[in-house]
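Data first, discussion second: the structure below is written as structure tokens.
The values are calculated or read from the model by the stated rules, or taken from the named source; none is laboratory data. This structure is a prediction, so every number in the text was calculated from the model and none was measured. Note: ideal-geometry Cβ built from the backbone for every residue, glycine included; neighbour counts use all protein chains shown. Ligands, DNA and RNA are excluded from the accessible area calculation, which covers all protein heavy atoms including side chains. Shrake-Rupley method; radii C 1.70, N 1.55, O 1.52, S 1.80 Å.
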Amino acid sequence: VRTLADAELFTRRYTGLRGLEMVPVYASLAFASFAECIGWWREGDVGPRSLLLIPVVGACWLIRRYLDRTFGVVKPLSAGWGWCGIGVVVFYVLQISANRTGVHIDFTGPALGVLAATLGLRDHAFRRHWLIPAIIGFLMPFVVPYPTPPSARSAYTLWFGVLWSAFTVASLWDHLLLVQSFSDDVSS
Amino acid sequence: MTSRHNAGARVFEDVAATDRLIHEPARLVVLTALASCESADFVFLQRLTALQAGNLSQHLAKLEQAGLITVTKGFSGKYPQTTVAITDDGKKALDNHWKKLDELRKIAKGSSWRR
């Protein structure tokens, strides 16, 4: 590393930069959404989705092993699971309250938008590319009506396909930053 | 001239008295990195410091002997994995080291012999 500050900063950021780990998950979700959008898979078709899980789990395991052996393992001071838990509870409270009071908003898109925005804005917006999936997530309630009528079902799945694709690209971008960080250090 | 000489000598003595175990660049990088996480493995530290494995091992052994870090050897599947974590003493020593360097910097800035 070039400076001590770099060493400290890079160690803190390292876990977040292991985005490649999540690429199979996001890519499979994007694929499933597009497959449903174009009519390959029907809504709630469990069979092909379950089959997709096998290569996804295998790919995640292989990628994790590759990252561990190539770049190493860092256990962060806080994994942020507490905030994730609070986020899930807030999401369900908002969604259930909206449904009961007759406010027709699907909070799934905005919730994923908040998740992406959090990743994009933390640590001095170092991973600001996450703001693109955040915007796509936030726009979802304005694009797709809720409850979704059958005629808008393909728009709903298409939007999710686009959202998960943006998550996939952002994760790949994280990996690019990780590789660049190490190669910068070696060359300096 | 004498006061300038004395001030310079005092700063030099203070610098010489800094903890050399921590002040060595590679060990300072390792301790700084470990202070910003719960633990890190050998591969990560090697990538971070760009040191040879043997060289890094020596630095880690010195820090472990001084009680500044703990080194745990285990396995990840079939592959050996060495996990390193900073101890409370290590954190204190690192903090004290930075405080000392800050003080030295202040003294050097405020000294009469500085141009």
Pairing a residue in segment A:144-169 that is aromatic (Phe, Trp, Tyr) with any residue that is open to solvent by 40 Å² or more (accessible area, probe 1.4 Å) and part of a helix (DSSP H, G or I), where Cβ atoms lie under 7 Å and the two sit 6 or more apart in sequence or on different chains, gives A:159/A:143; A:164/A:29
Selection over segment B:35-75 where residues are more than 8 Å from every other protein chain (Cβ to nearest Cβ), open to solvent by less than 60 Å² (accessible area, probe 1.4 Å) and assigned to a helix (DSSP H, G or I) yields a count of 8
Sole miss for residue B:80 among (1) open to solvent by less than 60 Å² (accessible area, probe 1.4 Å); (2) in contact with a strand residue (DSSP E or B) (Cβ under 9 Å, 6 or more places away or on another chain); (3) at pLDDT below 95 is condition (1)
Counting only residues in segment A:138-147 that are in a helix (DSSP H, G or I) and more than 9 Å from residue A:109 (Cα to Cα), the one least open to solvent (accessible area, probe 1.4 Å) is identified as A:143
How many residues of segment A:55-70 are surrounded by fewer than 12 Cβ atoms within 10 Å (Cβ to Cβ) and of a type outside the set (A, V, I, L, M, F, W, C)? The answer is 2
Within segment A:106-137, the residues that are closer than 16 Å to residue A:160 by Cβ, outside any helix (DSSP H, G or I) and of a type outside the set (Asp, Glu) are A:107
In segment A:1-54, residues that are of a type in the set (A, V, I, L, M), open to solvent by less than 50 Å² (accessible area, probe 1.4 Å) and either touching a strand residue (DSSP E or B) at 6+ places or on another chain (Cβ under 9 Å) or not in a helix (DSSP H, G or I) (or both) total 1
Residue hits (segment A:55-105; within 30 Å of residue A:11 (Cβ to Cβ) and outside any helix (DSSP H, G or I)) are A:72, A:73, A:74, A:75, A:76, A:77, A:78, A:79, A:80
